[in-house]
Amino acid sequence: MGLSFFAVTSRPCAILLHIVTHNSPKLRSPRIAFVGSGGAARGIAHLGVLKACEELGIQFDTFVGASAGAIVGALYAQGVSLDRLLDGYRLPWRRKYDDAIRIHASNFFGAPRLEDFLRPGYLLSGAFNIDKLERTLRGHLPRNDFRKVDATVLVTAVDVDGRGRVVFGKGYDERTPISQAVAASCCIPGLFRPYKIGDRYHLDGELVRTLSADLAVEQGVDVVIVSNIYRQATTKAGERSIAESGALSVLTQSLNIVLSEKERRGLDLYARTYPKVTFINISPDIGRFGYLNRYNARGLVMRGYREALRELAAAKDRGVFEPRADLKLVSGG
């Protein structure tokens, strides 16, 4: 009788256990996007942010970037290691890789092409040609086709003839080679001539929006990590004023003030518009490093790393990156 009792009572328990297990919501890890701002040489700090992400086990599904952020995203999304990306900034006798990409001023500032002299208006539209950067990227990108990259890579530029933001990548203009899209995204007005793709001319993507975090949200991500290097420098008590540091320092600070405020308002709007998405703004204190100063690469990387580690560790303690049942379902893309 004892055995028959357990046989009878165990069946309802098994049924109940099946019902509970079957109806339990499935846990899903959050999908995470990296959004990198521009910033020329200061964009080296993005590598420090990504280093902190690696140490905390954070992996990305989507990369969105303009200018320097586009360069870093396009390479890192394809498995180019941070060590290789940093190798180009090491002293020659400390370099580890003969084939590592080296993004220096010499890769940006190109001379006019012969056909440019036949178009004086275009010739005078910028001081330099950016074709050298496109050729450099073309030679170092593992895949130069958005459609062949596993992760979603989105690059922004702006149409110089008033047609607004242009997005390159899966679901947008995905036929343009990645190297050309990034070159277009890096065209700083006045410094470079607008970059032609097809029959349209393009300039730096941040002219329209400092950050395009909305593109990341449209990919169905749950967490957006923003690496923004436009934080304005703050002088300490007794320190010499930026006003006494020359015109270039004042111009750099002015750009930081304008762009950081633009970025702050943009993120505030995104947070209100997408309340179910977590935005983590990593804005390292770059100090007075200039936009063209690549010789402080280690300092820039460390500043990005320390700020990111602080912000991301706090987010991890809050459970932002933990699998949860309340995450929205996505169809992919």
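The values are calculated or read from the model by the stated rules, or taken from the named source; none is laboratory data. Keep in mind it's a predicted model, so treat the numbers as computed, not measured. Note that each Cβ is placed from the backbone with ideal geometry, even for glycine, and that neighbours are counted across all protein chains shown. Each accessible area value is taken on the protein alone, full model and side chains, heavy atoms only, with ligands, DNA and RNA left out. Shrake-Rupley method; radii C 1.70, N 1.55, O 1.52, S 1.80 Å.
In region 21-66, which residues are at pLDDT below 90, charged (D, E, K, R) and either surrounded by fewer than 24 Cβ atoms within 10 Å (Cβ to Cβ) or out of contact with any helix residue (DSSP H, G or I) (no Cβ under 9 Å at 6 or more places or on another chain) (or both)?
Matches in region 21-66: K26, R28.
Just the residues that are within 17 Å of F34 (Cα to Cα) and either β-branched (V, I, T) or touching a residue at least 60 places away in the same chain (Cβ under 8 Å) (or both), please, taken from region 153-177.
Passing the criteria: V153, L154, V155, T156, V167, K170.
What's the number of the condition N293 fails, among (1) open to solvent by 80 Å² or more (accessible area, probe 1.4 Å); (2) at pLDDT below 85; (3) within 29 Å of R84 (Cβ to Cβ)?
That leaves (1) as the condition not met.
Could you grab me the full set of residues in region 26-82 that are farther than 16 Å from H140 by Cβ and aromatic (F, W, Y)?
Scanning region 26-82 gives F34, F60, F63.
Where in region 160-256 are there strands (runs of 3 or more DSSP E), lying wholly inside it, with at least 3 residues that are more than 25 Å from E307 (Cβ to Cβ) and in contact with a Gly (Cβ under 8 Å, 6 or more places away or on another chain)?
Ranges flagged: 190-192.
Would you confirm, using the coordinates I've provided, whether L300 is buried (at least 19 other Cβ atoms within 10 Å of the Cβ), within 19 Å of S212 (Cα to Cα) and either among the hydrophobic types (A, V, I, L, M, F, W, C) or modelled with pLDDT of 90 or more (or both)?
no
Matching residues to (1) within 25 Å of S249 (Cβ to Cβ); (2) buried (at least 24 other Cβ atoms within 10 Å of the Cβ); (3) not hydrophobic (A, V, I, L, M, F, W, C):
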site: C186; (1), (2), (3): yes, yes, no
site: G205; (1), (2), (3): no, yes, yes
site: D222; (1), (2), (3): no, no, yes
site: V226; (1), (2), (3): no, yes, no
site: A233; (1), (2), (3): yes, no, no
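Within region 79-89, which residues are open to solvent by 20 Å² or more (accessible area, probe 1.4 Å) and either in contact with a strand residue (DSSP E or B) (Cβ under 8 Å, 6 or more places away or on another chain) or within 28 Å of G319 (Cα to Cα) (or both)?
G79, S81
Could you check T278 against (1) under 25 Å from G88 (Cβ atoms); (2) modelled with pLDDT of 80 or more and say which number it fails?
(1)
Consider T136 carefully, then state whether it is among the β-branched types (V, I, T), touching a helix residue (DSSP H, G or I) at 6+ places or on another chain (Cβ under 7 Å) and either at pLDDT below 95 or within 13 Å of A74 (Cβ to Cβ) (or both).
Yes, satisfied.
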